[in-house]
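Student: Structure provided below as structure tokens; questions to follow.
Taken together, the values in this text are just the output of simple stated rules run on the coordinates, not laboratory data. Small disclaimer: the values here were computed from a predicted structure and weren't measured. Positions of Cβ are generated from backbone atoms using ideal geometry, with glycine treated the same way; all protein chains shown enter the neighbour counts.
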Amino acid sequence: MKHKAPRGTKDVLPADMPAWHYLENVFEALCRAYGYAEIRTPIFEDVDVFIRSVGEKSDVVQKEMYTFTDRGGRRLALRPECTAGVSRAFIEHGFHNLPQPVKLYYRGPMFRYDRPQAGRQRQFYQMGIELFGSTDPGADVEVIKFTSAFFDRLGFKGLQLHLNSVGCRECRPPYQERLKKVVELRKAALCSDCQKRLQDNPLRLLDCKVPGCQAALQEVPRIDENLCASCAAHFEAVKTRLDLLQIDYFLDSHLVRGLDYYTHTAFEFVSRSLGSQDSLGGGGRYDDLIEAFEGPPTPGVGMAVGVERILLAMEKEGLSLPPAALEGVYIAAAPASMQNEGLLLLYRLREAGLRAEADYMGRSLKAMMKHAHRGKYRFVVILDEETGERGAWKIRDMSRGEQREYAYEELLTFLLSERAEGEA
Ligand code: AMP
């Protein structure tokens, strides 16, 4: 076939949807419980939105962004992540004038041009939350607890929470200088990307996955031991509250995350069942981001999880979805003489909001029953001449394997009441 989905993208097929909806529903139920309201921002933004936030020297901006010029000459980019767009919208709509904190969630596709591999795509789907307006360590903890509760509800057991503090604009620059000095001496061992990072973005040296760089970065000064007093106090308060909530964490001084806007807390939930693409979700604090957009100083903290990668990890760890409930009505009008009744019932049920289906393929009764079973219908209405002549309608309850007869009005009442029960 000539046309295929572009490299690094995947069609999400109807058979995949129950798993996707399950993840989305678990996520949205948590958003309700934690008080996050949905926001939908455009899939593309001015390039500058990402340059200012994610960072001009970051890999995401330098190597991974899909940028283009539109017919009006504007430089745009497909969003590589959503915090930048949500922050831009926060300022544009004056959300700093609302009672704080402002708690938002989003979900949708993100785009990064990277070498595709298991768990890494060029278009992938993220769900995330952002909490704006509070510097309280409790806000960091809320975002981490939300993420941990999300993975718990999906049934994950052995995920590891990696935690670090990347400091602030006071303590990070002197730390970066110290780091740079130490690594300069080992420069020859670094990959070509890290040779550049050493000049432009020394913090990013810490999370390079190339073995030679990892070896060269052993026993360098730790950022969490070089924090200013206020960053150290903030980090201690975060850890104390995580302890209180019995959330285990691993202090990972090499966790800096790829986007430049992080300050203070950085975290990632890591799966041991995945290979190199092992982070299922992560986030952190970004107290300078709104200011970078020339908005009023507004702290923030957030996180994002990746749907495709989580589904992959669930499969690897043998986590199953809750079994799909049988639902709706399949109308098996066996002889042609019963098809009008079948048609009228079909639309009557659909108008009442029930899932209802009938056969368009001329199947035999046996084949229709099989089809209804495969389609996970709860009831099959069987219209045959014998019962039709008596004005009766036969219903088979597929979950119990029982069959009963009803008069037409009774049948409707019965099916509608079953729907109300199913919806409750
Ligand atoms: P990040 O925005 O890089 O912190 O990523 C947050 C989460 O999004 C990761 O933990 C992954 O689950 C997911 N993710 C990031 N990049 C990709 C990608 N290229 N393909 C698939 N999932 C991704």
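Student: Give me the percent relative contact order of the stretch 221-321, please, defined on Cα pairs under 8 angstrom at least 6 residues apart.
Tutor: The normalised contact order for the stretch 221-321 reaches 18 percent.
Student: Taking the chain as a Gaussian network, Cα atoms linked when under 10 Å apart, which of Ile331, Ile144, Ile91 shows the biggest mean-square fluctuation?
Tutor: Of Ile331, Ile144, Ile91, the Gaussian network model singles out Ile331 as fluctuating most.
Student: Normalised by the residues of the chain, what does the relative contact order come to in percent, with Cα pairs under 8 Å and at least six apart?
Tutor: The value is 15 percent.
Student: Another question, then. Could you tell me which of rounded, prolate or oblate describes the stretch 1-140, using a ≥ b ≥ c as the square roots of the eigenvalues of the alpha-carbon gyration tensor, with rounded for a/c under 1.5 and, failing that, prolate when a/b is larger than b/c and oblate otherwise?
Tutor: It is oblate, given that a/c is not under 1.5 and a/b is not larger than b/c.
Student: Sequence gap at least 6, Cα distance under 8 Å: using those rules, report the relative contact order of the stretch 329-423 to the nearest whole percent.
Tutor: RCO, the stretch 329-423: 28 percent.
Student: On a 0 to 90° scale, report how tilted helix 365-374 is relative to the longest principal axis of the chain, with both axes built from alpha carbons and the result rounded to the nearest 10.
Tutor: Long axis of 365-374 versus the principal axis of the chain: about 20 degrees.
Student: Taking Lys196 as the anchor, which aspartates and glutamates have their alpha carbon closer than 13 Å to its alpha carbon, excluding any fewer than eight residues away along the same chain?
Tutor: Cα-Cα hits under 13 Å: Asp59, Glu184.
Student: Summarise the long-distance tail of P(r) for the stretch 329-423 by giving the % of C-alpha pairs beyond 24 Å.
Tutor: 11
Student: As a test, work out the antiparallel percent of DSSP beta bridges whose residues both lie in the stretch 329-423, rounded to the nearest 5.
Tutor: 55
Student: Please compute the net charge surrounding Cys213, taking Lys and Arg as +1 and Asp and Glu as -1 over other residues with Cβ under 13 Å from its Cβ.
Tutor: Summing Lys and Arg as +1 and Asp and Glu as -1 gives +4.
Student: Tell me the GluC sites (Glu not before Pro) within the stretch 191-285 that lie in a loop according to DSSP and have at most 14 other beta-carbon atoms within 10 Å.
Tutor: Here the GluC sites (Glu not before Pro) that fit, given the DSSP loop and packing criteria, are Glu219.
Student: Tell me, how many Å apart are the Cα centres for the stretch 363-407 and for the stretch 19-71?
Tutor: 48
Student: Further, regarding this structure: When a/c reaches 1.5 or more, the comparison of a/b and b/c decides; with that in mind, is the stretch 341-393 rounded, prolate or oblate per its Cα gyration tensor?
Tutor: oblate
Student: Straight-line reach from Lys376: which aspartates and glutamates have a Cα under 12 Å away, not including same-chain ones fewer than 8 places off?
Tutor: Hits, sequence-local ones excluded: Glu327, Glu357, Asp397.
Student: Would you mind telling me which residue in Pro335, Pro99, Pro116 has the biggest mean-square fluctuation in a Gaussian network model of the chain, where springs connect alpha carbons within a distance under 10 angstrom?
Tutor: Taking springs between Cα atoms under 10 Å, the residue moving most is Pro335.
Student: Tell me the Kirkwood radius of the chain: reciprocal of the mean inverse pair distance over distinct alpha-carbon atoms, in Å.
Tutor: Computed over the chain, the radius equals 24.9 Å.
Student: Next question. Out of the trypsin sites (Lys or Arg not before Pro) in the stretch 161-212, which ones are loop residues according to DSSP with at most 14 other C-beta atoms within 10 Å?
Tutor: Here the sparse-neighbourhood loop sites are Arg169, Lys209.
Student: Gaussian network model of the chain, Cα springs within a sub-10 Å range: biggest mean-square fluctuation belongs to which of Asp287, Asp140, Asp207?
Tutor: Asp207
Student: OK, next. Rounding to the nearest 20 debye, state how big the charge dipole of the stretch 329-423 is about its Cα centre with +1 on each Lys and Arg Cβ and -1 on each Asp and Glu Cβ.
Tutor: Taking the Cα centre of the stretch 329-423 as origin, the dipole is about 520 debye.
Student: Still on this model: Going toward the positive end of the dipole of the chain, with +1 on Lys and Arg Cβ and -1 on Asp and Glu Cβ, which of Gly375, Pro173, Thr147 do you reach last?
Tutor: Going by the charge dipole, the pick is Pro173.
Student: Could you pull out the chymotrypsin sites (Phe, Trp or Tyr not before Pro) across the stretch 1-96 that fall in loop regions by DSSP (anything but H, G, I, E, B) with no more than 11 other Cβ atoms inside 10 Å?
Tutor: When the chymotrypsin sites (Phe, Trp or Tyr not before Pro) of the stretch 1-96 are filtered for loop state and at most 11 Cβ neighbours within 10 Å, nothing remains.
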